[in-house]
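The values are calculated or read from the model by the stated rules, or taken from the named source; none is laboratory data. Keep in mind that what you see is a predicted model, and the values were worked out from it rather than measured. All Cβ positions, glycine included, derive from the backbone under ideal geometry; neighbour counts span all protein chains shown. These area figures cover heavy atoms from the full protein model, side chains too; ligands, DNA and RNA do not enter into them. Shrake-Rupley method; radii C 1.70, N 1.55, O 1.52, S 1.80 Å.
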Amino acid sequence: MNNLTHLECSLCRKTYQAGNIYNLCDCGGPLLVRYDLDKARKTWSRDQVSQGPDSMWRYAPMLPPRAESIVSLGEGMTPLVRTPRLGARVGAADLWVKDEGLNPTGSFKARGLSCAVSMAVELGIKKVAIPSAGNAASAMAAYAAAAGIESHIFMPQDVPQSNYIECKAFGSKVTLVDGLISDCAKIVNAGVKTEGWFDVSTLKEPYRIEGKKTMGYELAEQMGWKLPDAIFYPTGGGVGIIGMWKAFEEMESLGWIGSQRPKMIVVQVEGCQPVVRAFEKGEQRSHFWDNAHTVASGLRVPKPLGDFLILEAVRNSGGTAIAVSDQELIDAGIQLASDEGMFVAPEGAACVSALEKLLSSGFLKKSEKIVIYNTGAGLKYLEAYSTRFPRSSSAEQDKLGGLITPR
Ligand SMILES: Cc1ncc(COP(=O)(O)O)c(C=O)c1O
Ligand SMILES: [Zn+2]
């Protein structure tokens, strides 16, 4: 039984009845899902959580779909791994990596799309469409396949090969666009009227954030209901950070944690850092970042819709926002792999580089408990990492021959 009551606009606070199909509020603000926290507090304790399924659906009382609508591929309950060798090298005595690369389709996007597709099923939606930097597309394609509904994918034409192949294999209709995620969003928006698609864009769809917030619940559970001192999060659309911040507020209302919050640290890349720029200028909204470019394709989001919510979480937590270069993040990813045996996405690797900078600057202290979110698997980014490990001799023909028949 879930405790869903209504949806509320994050900008103007207008409320919307549950059970209908919505995108944004009339004022353009993203809608947030609200629950009867008093009822949940009386009927569900944190000690019961471990009796639930070994997936993010152990938090179903604070998630929107009814039990019979859930479309699950086993997402969530990813490992929280202590990384002492990396910690010793960078000067952090209590360092952890939450490894979201182990989710279905190899990224944390599985959480959001499991929840969104479950709600699409519940609300009777038959055709979903998404503009994506890559990994959200892979996840939506997988869950739409599992739900037996039609999916339409729009991604920049230079997305990692893994994202393209996954979407095709899952049976989606895939269009590669000569542009960025913002250009893809315009095409999806047009198709809503002409093709009858439901738009599953980040934050224009109210339920992806609910799936992503389980990263916050899980972290608290895995740390014995005590949050760390700092969280590093690679930020594109920012839904992960907004979702976790919402999870912390809900858990406090449930009486599961106190009022203490981790410093929320937004990590972006030099080639696309709209949130860092807004944070440094003391602004409440970001501005479109021109000519966005980076190998960390998930961070190529020139203007996040929920920028004001990201900035609010960063400022209210005493956190910060920082950008690293592509060179630094690939170096950091390789260093983490050889230190700890974890091969992470460039987005997760960016956090390792950011951590080094904030330890050197004194923003963080050695003794603090620090968690890095690795949002995806390194294996999804072979093009990015192969720039460091080129293979010299084999022609494409040779590789194929070697794969199919012994040579
Ligand atoms: C691996 C990876 N990390 C981080 C992000 C950014 O996610 P968010 O929208 O939560 O900021 C993305 C988005 O595509 C991604 O694919
Ligand atoms: Zn509104």
Of all residues making up region 53-71, the number that are of a type outside the set (Val, Ile, Thr), surrounded by 15 or more Cβ atoms within 10 Å (Cβ to Cβ) and within 15 Å of Arg111 (Cβ to Cβ): 10
Is it true that some residue in region 96-104 is within 12 Å of ligand 1 (Cβ to nearest atom) and among the aromatic types (Phe, Trp, Tyr)? no
Ala247 being under 24 Å from Glu8 (Cβ atoms), away from ligand 2 (no atom under 16 Å from the Cβ), among the small types (Gly, Ala, Ser) and open to solvent by 10 Å² or more (accessible area, probe 1.4 Å): no
Quick one: would you say Ser50 is farther than 22 Å from Ala120 by Cα, touching a helix residue (DSSP H, G or I) at 6+ places or on another chain (Cβ under 8 Å) and among the small types (Gly, Ala, Ser)? yes
Flag for Trp289 being open to solvent by 20 Å² or more (accessible area, probe 1.4 Å) and in a helix (DSSP H, G or I): no
What helices (runs of 4 or more DSSP H), lying completely within region 109-212, carry at least 3 residues that are within 21 Å of Val71 (Cβ to Cβ) and within 14 Å of ligand 1 (Cβ to nearest atom)? 109-122, 135-147, 161-169
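Restricting the search to region 1-22, which residues are more than 16 Å from ligand 1 (Cβ to nearest atom) and either touching a Pro at 6+ places or on another chain (Cβ under 8 Å) or among the aliphatic types (A, V, I, L, M) (or both)? Step through it out loud before you land on a result.
Initial filter on region 1-22 (more than 16 Å from ligand 1 (Cβ to nearest atom)): 1-9, 11-22.
Hits for region 1-22 are Met1, Asn2, Asn3, Leu4, Leu7, Cys9, Leu11, Ala18, Ile21, Tyr22.
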Can you name every one of the strands (runs of 3 or more DSSP E) wholly within region 6-94 that holds 2 or more residues which are within 14 Å of ligand 2 (Cβ to nearest atom) and not basic (Lys, Arg)? 15-17, 31-35
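On the given criteria, is Ala354 away from ligand 1 (no atom under 12 Å from the Cβ), out of contact with any Ser or Thr (no Cβ under 6 Å at 6 or more places or on another chain), within 18 Å of Phe232 (Cα to Cα) and assigned to a helix (DSSP H, G or I)?
Working: away from ligand 1 (no atom under 12 Å from the Cβ): yes; out of contact with any Ser or Thr (no Cβ under 6 Å at 6 or more places or on another chain): yes; within 18 Å of Phe232 (Cα to Cα): yes; assigned to a helix (DSSP H, G or I): yes.
Criteria met by Ala354.
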Go through region 310-333 and give me each residue that's in a helix (DSSP H, G or I) and either out of contact with any Lys or Arg (no Cβ under 9 Å at 6 or more places or on another chain) or closer than 19 Å to Leu359 by Cβ (or both). Ile310, Glu312, Val314, Arg315, Asp326, Gln327, Glu328, Leu329, Asp331, Ala332, Gly333
